[in-house]
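The values are calculated or read from the model by the stated rules, or taken from the named source; none is laboratory data. All of these numbers come straight from a predicted model, not from anything done at the bench. With ideal geometry, Cβ positions are generated from the backbone for all residues, glycine too; neighbour counts draw on all protein chains shown. To get the accessible areas, we keep the full protein, side chains included, count just its heavy atoms, and leave off ligands, DNA and RNA. Shrake-Rupley method; radii C 1.70, N 1.55, O 1.52, S 1.80 Å.
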Amino acid sequence: MPKNKGLSIIIVGCGKVGTTLVEQISREGHDITVIDKDRALVEYITGTYDVMGVVGNGASYSIQKEAGIENTDLIIAVTESDELNLLCCTVAKRVAGCAAIARVRTPDYSQDVSYLQERLGLAMIFNPELECAREAARMLSLPTALEIASFAHGQAELVTFKIPKNNKLDGMKLWDMSKTIPADIERSVVICAVERGDEVHIPSGNFQLQCGDEVSFVSTRKIARKFLRSIGFKTRQVRSTMIIGGGRSSYYLAQELLAMGIEVKIIEKRRSRCEELCELLPDASIINGDGTSEELLREEGIEYAESVVALTGIDEENILLTLHARNVSNAKVITKINRINFRNAINTLDLGSVLYPRYITSEAIVAYVRAKHNSMNSNVETLNYICENQVEAVEFRVNEASEVTGTMLKDLKPKMKKDILIASINRNGRILIPSGVDTIEVGDTVMVVTTHSGFNDIRDILA
């Protein structure tokens, strides 16, 4: 299938998120120009990736013009300043009429996102701290899971868990699951990826699971909990959470958890921030103290905590806090890590669920880029990276007939690329876990799980 010419994209801001976006988007054949005031950052990115760079203020018309704004399809503003990001997008919209995405993180603007997006004509306003908080809240609603991604407008979930010792799945082949799991549950779940050490598998029926495997499956939310219970996992959400660090992510997470009826305790070192949080979160318990102090953590009951979320601004502190919580309690632990320089080393540690804000940001933006790049009426709805970013779960909306539609999946499979699994079909709000006799039809949204990257269209599954 012929590919569309890549988009022309300007990324303003060369920090952690900007660099990750360049890394992800440049692999997909788009023409990228970066803008940043810091010459060293621009030189680093242009020297590392096949992109152009301009040094200067991204909100300046002359700088945008130098970067080629008049022929740009999309501008993405991810500087540290919300106001600068919105101004960058506003200037670009006035000059070129291109699509625009802004990162907006301040809680003051969180209530105004829909208004700002509509009035400024932006394609997307993204808040990584808020998205991190929502992901952490999903994990605490199902503590057994390492990761939970929602798709099909929240009707279905992609859940990752680790097989413990002596679990009934240890040593079981996938096609034998029906012998030990109730048939109605087994038919409503699809195991779509297995991470074993450094290897990732899109498994077939004869694949044998083993202790230590990180298994990802797709099902509806209700069935996900039934499936986990059937293989011996607890599925009750936590009743209380200790959050260490009082930044934006902690504020957003506390809001989410309090709304779920979960007790929240936040430990924050800065007294002025504690006073702010007391006003913002009157139903939470706010403790002014050093969250890295073992004595304080013990006084505040870390040994009995049901969950501990390390959200300080320092990765090393978050890692040590999680390891300490694992050592002294049975708590569900979540660790936020901003940098990814030593990701392989981090993966050897038992950190439970790990949040990488920059990847949460890039998932949503890359999904939008792919949908915009695609010329057919089959668009990318959502995108999630799993198995340490080695596997993509892409949700497509099918608005037009093609070679993929109307053919039973058992007949379509020989025509598909290797390492692709059709994980679910959302048909008029009903989630189907597809069998060989099911078909993809116009109007469906389809979840595809694959080790390939860069799929823009449902037809990309074909060899």
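The table below gives the values:
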read-out: Of residues in the range 383-416 being without any contact (Cβ under 8 Å) to a residue 24 or more places away in the chain and surrounded by fewer than 18 Cβ atoms within 10 Å (Cβ to Cβ), the one nearest to R370 (Cα to Cα); value: K413
read-out: Residue list for the range 250-276, filter: assigned to a helix (DSSP H, G or I) and closer than 20 Å to Y304 by Cα; value: A254, L257, L258
read-out: Hey, I76 modelled with pLDDT under 95, open to solvent by less than 50 Å² (accessible area, probe 1.4 Å) and not acidic (D, E) or not; value: no
read-out: Subset of the range 417-451 [part of a loop (DSSP other than H, G, I, E, B), more than 17 Å from S204 (Cα to Cα) and touching a residue at least 60 places away in the same chain (Cβ under 8 Å)]; value: G429
read-out: Verdict on A224 being within 24 Å of the chain's Cα centre (by Cα), assigned to a helix (DSSP H, G or I) and closer than 30 Å to W175 by Cα; value: yes
read-out: Filter result (part of a helix (DSSP H, G or I) and touching a Gly at 6+ places or on another chain (Cβ under 8 Å)) within the range 94-148; value: E129
read-out: Residues satisfying the stated conditions in the range 37-74, i.e. under 22 Å from Y368 (Cβ atoms) and among the aliphatic types (A, V, I, L, M); value: I45, V51, M52, A59, A67, I69, L74
read-out: Cβ pairs under 6 Å, 6+ apart, first in the range 126-149 and more than 15 Å from F161 (Cα to Cα), second open to solvent by 10 Å² or more (accessible area, probe 1.4 Å) and not in a helix (DSSP H, G or I); value: F126/R103; N127/R105; E129/R105
read-out: Yes/no for S188 being over 21 Å from the mean Cα position of the chain (by Cα), polar (S, T, N, Q), crowded, with 16+ Cβ neighbours inside 10 Å and within 27 Å of N379 (Cα to Cα); value: yes
read-out: In the range 37-73, the residues that are under 21 Å from V366 (Cβ atoms), open to solvent by 100 Å² or more (accessible area, probe 1.4 Å) and either at pLDDT 95 or above or part of a helix (DSSP H, G or I) (or both); value: M52
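Condition check ((1) hydroxyl-bearing (S, T, Y); (2) free of Cβ contacts under 8 Å to residues at least 40 places away in the same chain; (3) open to solvent by 50 Å² or more (accessible area, probe 1.4 Å); (4) in contact with a Leu (Cβ under 6 Å, 6 or more places away or on another chain)) across all residues:
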{"position": "C278", "(1), (2), (3), (4)": "no, yes, yes, no"}
{"position": "I287", "(1), (2), (3), (4)": "no, yes, no, no"}
{"position": "G291", "(1), (2), (3), (4)": "no, no, no, no"}
{"position": "L296", "(1), (2), (3), (4)": "no, yes, no, no"}
{"position": "A305", "(1), (2), (3), (4)": "no, no, no, no"}
{"position": "L311", "(1), (2), (3), (4)": "no, no, no, no"}
